[in-house]
Amino acid sequence: MSVRAEAPRPQHAGAQIITPRRLAMLGMALAPVALWLTLPPLTLDTIAAPLILGAISALLGVAAITRGERRVGWGAVASGALAIVAGVFAVQASASNLKEVITWSTLISLGLAFATPLIFAAIGGMFSERSGVVNIGLEGMMLMGAFFGIWGADVTGSWFGGLLIAMVSGGLLALVHAYFSIQLRADQIVTGTAIIFLAYGITGYLYNDIYKTEGTPPVLPEIPQVNLDFLASIPPEGLGAFLDKSIGDLSLMTWIAFGVVVLSSIFMFRTSWGLRVRSVGEHPRAADTVGINVYRVRYACVVFSGILAAMGGAFLSIGYAHSFTEKMTAGKGFIALAALIFGNWRPYGALAACLLFGLSTAFAPQLQNVEAWASYGQLFEALPYLLTIVVVAGVIGRSIPPAAIGRPYRKQ
């Protein structure tokens with residue numbers, strides 16, 4: 001007697017489409033929409049929209065959590081709660097105040113400027129960490145670039161000379177980190193921390209010794225702006241004016257930063273040299289077996305990371321602030337490191353994260369100008385750092401770093 005095997009029942013198509021993760025992602029996507037409805041140009045004056053959409057966002061997160069998708073689900077819940085709180089603040093402010101403060105073209109222009117040093121540092125960190133060396137010393141390398149960029153511009157009378165000197169200073173500091181981490185096989189976290197304090201000491205001493213109480217000269221060579229006047233003539237008239245105000249007058253370094261992202265992506269994932277870097281960061285023993293010099297690759301990548309980070313610091317001093325103050329990087333190296341993790345150690349992912357942090361940095365001081373929110377000024381100043389904590393807490397555990405990162409290699 002033969003037994004006929006029962007054919008497997010086809011799963012419902014909807015069960016494959018509506019997964020817990022997609023529910024949570026939908027919830028996270030609804031949260032910014034809830035806030036956007038209360039901001040210019042729409043500026044809805046009712047609290048119902050952010051309350052309803054924020055609540056839906058949170059409920060979708062709860063639904064994902066109950067189905068086993070905890071991390072992204074809690075992200076949706078937090079996003080919904082933040083959208084409700086921000087929406088309430090926006091409704092409390094008058095529409096005229098919001099329209100005066102929140103000008104999207106200005107915010108985009110400022111956001112790109114704030115993102116520029118982060119992009120350089122994050123891409124630099126990618127090269128170092130893709131080769132297997134943790135580089136939390138990006139903050140110190142940026143600070144070195146900021147000081148020696150302004151000093152070099154002062155000495156040479158040229159912003160380009162200042163930029164070159166800044167790059168050399170960042171590369172030399174990174175070489176110290178590379179020597180201790182690669183040659184002496186010291187703990188890379190400890191070494192990176194020491195690099196930061198070393199940069200604090202060097203720049204603080206030289207700044208006070210050279211410029212004393214007068215500070216840096218008021219007139220110094222500045223990195224030029226790139227004027228794209230043709231954008232204003234793009235039809236329709238409103239679009240052309242928006243593009244002109246947004247990206248029509250950006251620093252040369254901002255465009256170089258975008259170029260660095262493109263070139264680094266091509267190098268890392270489309271060339272044999274990039275394959276060597278990734279192989280050293282994933283399995284150095286196997287890379288050594290096929291003839292790749294692990295030490296040489298790691299040295300080159302760490303030094304190059306310092307050069308790029310210093311370029312970001314030089315932009316801060318001679319491209320944006322046009323002066324130098326002690327510890328002026330103010331944690332930007334750590335934000336760049338968070339952007340690198342958020343971007344999963346990939347150039348375009350890191351770029352997106354840097355743009356997010358840059359826009360939040362531009363957005364925060366603008367909110368202080370709303371009369372109803374004046375008492376929350378210090379809270380808004382902390383917005384980029386709070387966003388950094390939220391992003392790192394939500395991403396760590398899902399991002400997959402290079403397998404050999406942080407592990408000293410000993411040649412046999």
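The values are calculated or read from the model by the stated rules, or taken from the named source; none is laboratory data. These figures come from a predicted structure and were not determined experimentally. Positions of Cβ are backbone-derived with ideal geometry, glycine not excepted, and every protein chain shown enters the neighbour counts. With ligands, DNA and RNA removed, areas are computed over all heavy atoms of the protein, side chains included. Shrake-Rupley method; radii C 1.70, N 1.55, O 1.52, S 1.80 Å.
Please count how many residues of region 208-219 are at pLDDT below 90, aliphatic (A, V, I, L, M) and surrounded by 10 or more Cβ atoms within 10 Å (Cβ to Cβ).
Selection size over region 208-219: 0.
Counting only residues that are modelled with pLDDT under 70 and not in a helix (DSSP H, G or I), which one in region 91-117 is farthest from the chain's Cα centre (by Cα)? Break it down into steps so the answer makes sense when it comes.
Kept after step one, since they are modelled with pLDDT under 70, are these residues of region 91-117: 91-102.
In the following step, the residues that additionally are not in a helix (DSSP H, G or I) were identified as 93-94, 102.
Details: Ala93: 30, Ser94: 32, Ile102: 22 Å.
Among those that are modelled with pLDDT under 70 and not in a helix (DSSP H, G or I), it is Ser94.
Is it true that Leu175 is exposed (fewer than 15 other Cβ atoms within 10 Å of the Cβ) and within 27 Å of the chain's Cα centre (by Cα)? Show your work before the answer.
On the way: exposed (fewer than 15 other Cβ atoms within 10 Å of the Cβ): yes; within 27 Å of the chain's Cα centre (by Cα): yes.
Taking the combined requirement at face value, the residue satisfies it.
Return the only residue of Thr325, Thr329 being surrounded by fewer than 22 Cβ atoms within 10 Å (Cβ to Cβ), β-branched (Val, Ile, Thr) and either within 16 Å of the chain's Cα centre (by Cα) or not in a helix (DSSP H, G or I) (or both).
Going through Thr325, Thr329 in turn, just one is surrounded by fewer than 22 Cβ atoms within 10 Å (Cβ to Cβ), β-branched (Val, Ile, Thr) and either within 16 Å of the chain's Cα centre (by Cα) or not in a helix (DSSP H, G or I) (or both): Thr325.
Residue under question is Gly291, and the condition is that it be assigned to a helix (DSSP H, G or I) and exposed (fewer than 12 other Cβ atoms within 10 Å of the Cβ); does it hold? Show your work before the answer.
Values: assigned to a helix (DSSP H, G or I): no; exposed (fewer than 12 other Cβ atoms within 10 Å of the Cβ): yes.
It is false that Gly291 is assigned to a helix (DSSP H, G or I) and exposed (fewer than 12 other Cβ atoms within 10 Å of the Cβ).
Please specify each residue of region 220-229 satisfying the condition of being open to solvent by less than 70 Å² (accessible area, probe 1.4 Å) and either out of contact with any helix residue (DSSP H, G or I) (no Cβ under 8 Å at 6 or more places or on another chain) or assigned to a loop (DSSP other than H, G, I, E, B) (or both). Show your work before the answer.
From region 220-229, those open to solvent by less than 70 Å² (accessible area, probe 1.4 Å) are 220-221, 223-224, 226, 228; that's our starting set.
Residues satisfying the conditions are Leu220, Pro221, Ile223, Pro224, Leu228.
Is it the case that region 33-43 has a residue that's over 30 Å from Met311 (Cβ atoms), at pLDDT 70 or above, part of a loop (DSSP other than H, G, I, E, B) and not hydroxyl-bearing (Ser, Thr, Tyr)?
yes
Can you say whether Gly132 is in a helix (DSSP H, G or I) and either among the β-branched types (Val, Ile, Thr) or open to solvent by less than 10 Å² (accessible area, probe 1.4 Å) (or both), as far as the supplied structure shows?
Values: in a helix (DSSP H, G or I): no; either among the β-branched types (Val, Ile, Thr) or open to solvent by less than 10 Å² (accessible area, probe 1.4 Å) (or both): yes.
Answer is no for this residue.
Those residues that are open to solvent by less than 80 Å² (accessible area, probe 1.4 Å) and not in a helix (DSSP H, G or I), I need them from region 233-248; list them, please.
Across region 233-248, the qualifying residues are Ile234, Gly248.
When region 145-162 is examined, which residues are found to be closer than 13 Å to Pro221 by Cα and either open to solvent by 10 Å² or more (accessible area, probe 1.4 Å) or free of Cβ contacts under 8 Å to residues at least 40 places away in the same chain (or both)? Walk me through it before giving the result.
Of the residues in region 145-162, the ones closer than 13 Å to Pro221 by Cα are 149-162.
Residues satisfying the conditions are Trp151, Gly152, Asp154, Val155, Thr156, Gly157, Ser158, Trp159, Phe160, Gly161.
Which one is modelled with the lowest pLDDT, of the residues in region 57-87 that are more than 14 Å from Gly27 (Cα to Cα) and more than 28 Å from the chain's Cα centre (by Cα)? Can you show your working first?
First pass over region 57-87, keeping only residues more than 14 Å from Gly27 (Cα to Cα): 66-68, 85-87.
In the following step, the residues that additionally are more than 28 Å from the chain's Cα centre (by Cα) were identified as 66-68.
Working: Thr66: 88, Arg67: 85, Gly68: 81.
Looking at the filtered set, the residue picked out is Gly68.
For every residue, the table says whether it meets (1) touching a residue at least 24 places away in the same chain (Cβ under 8 Å); (2) outside any helix (DSSP H, G or I).
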position	(1), (2)
Gly171	yes, no
Leu175	yes, no
Arg185	yes, yes
Ile202	yes, no
Thr216	yes, yes
Leu231	no, no
Met253	yes, no
Phe258	yes, no
Leu263	no, no
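Which is part of a helix (DSSP H, G or I) and out of contact with any Pro (no Cβ under 6 Å at 6 or more places or on another chain), of Leu316, Leu355? Working first, answer last.
On the way: Leu316 fails: out of contact with any Pro (no Cβ under 6 Å at 6 or more places or on another chain).
On inspection, the qualifying residue turns out to be Leu355.
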